[in-house]
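Structure first, then comments.
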Amino acid sequence: MIYALVVPGPIPDVEQIRILEWHGAIGQKFEPEEMLVELETYKALVEVRAGQPGFLRKIISEAGNWEDVGAPIALFSDTADEALPANTEQIADLPASFEVS
């Protein structure tokens, strides 16, 4: 199955978050609790960790970009060879945890 990693939220008083750094490359397998991406608000750092195993398949938003809370920023899949859809509107969200510091 294909999943979309979305900008986490809600975070009080935050509507957009900037992508700081991706922690992996296309095709890399992630295990639960591994760091996927670091984000930042105007006031805080946000660490996003995998909530289930999966493969990073496509980065939609590169480091330095600002994205709205809830916007898809990457695609993941259960296996490394699943076909990616042309449209991301009907994709389930990837379970992930995040910590604001």
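The values are calculated or read from the model by the stated rules, or taken from the named source; none is laboratory data. Bear in mind that the values here come from a model prediction, so they are computed numbers and not experimental data. Counting neighbours? That spans all protein chains shown, and the Cβs are built from the backbone with ideal geometry, glycine included.
Can you name the condition, by its number, that Glu40 falls short on among (1) out of contact with any Ser or Thr (no Cβ under 8 Å at 6 or more places or on another chain); (2) within 17 Å of Ser97 (Cα to Cα); (3) buried (at least 16 other Cβ atoms within 10 Å of the Cβ); (4) not aliphatic (A, V, I, L, M)?
(3)
What residue, among those in the stretch 33-64 that are assigned to a loop (DSSP other than H, G, I, E, B) and among the hydrophobic types (A, V, I, L, M, F, W, C), is modelled with the lowest pLDDT?
Among those that are assigned to a loop (DSSP other than H, G, I, E, B) and among the hydrophobic types (A, V, I, L, M, F, W, C), it is Ala44.
Could you count how many residues in the stretch 65-96 are in a strand (DSSP E or B) and acidic (Asp, Glu)?
3
Looking at Thr79 and the list (1) within 14 Å of the chain's Cα centre (by Cα); (2) within 13 Å of Met1 (Cβ to Cβ), which single condition is not satisfied?
That leaves (1) as the condition not met.
Any residue that is touching an Asp or Glu at 6+ places or on another chain (Cβ under 9 Å), touching a residue at least 40 places away in the same chain (Cβ under 8 Å) and surrounded by fewer than 17 Cβ atoms within 10 Å (Cβ to Cβ) - is there at least one of those in the stretch 76-93?
No, that holds for no residue.
What are the pairs, 6+ residues apart or on separate chains, where a residue within the stretch 1-23 that is polar (S, T, N, Q) has its Cβ under 9 Å from a residue that is in a loop (DSSP other than H, G, I, E, B) and loosely packed, with under 15 Cβ neighbours inside 10 Å?
Between residues of the stretch 1-23 that are polar (S, T, N, Q) and residues that are in a loop (DSSP other than H, G, I, E, B) and loosely packed, with under 15 Cβ neighbours inside 10 Å, the close pairs are Gln16/Tyr42.
Scan the stretch 1-32 for residues that are assigned to a loop (DSSP other than H, G, I, E, B) and surrounded by 12 or more Cβ atoms within 10 Å (Cβ to Cβ) and jot them down.
Val7, Pro8, Gly9, Ile11, Val14, Glu15, His23, Gly24, Ile26, Gln28, Pro32 - these are the residues of the stretch 1-32 that are assigned to a loop (DSSP other than H, G, I, E, B) and surrounded by 12 or more Cβ atoms within 10 Å (Cβ to Cβ).
I need the full set of residues from the stretch 1-54 which are charged (D, E, K, R) and at negative phi, in order please.
Glu15, Arg18, Glu21, Lys29, Glu31, Glu34, Glu38, Glu40, Lys43, Glu47, Arg49
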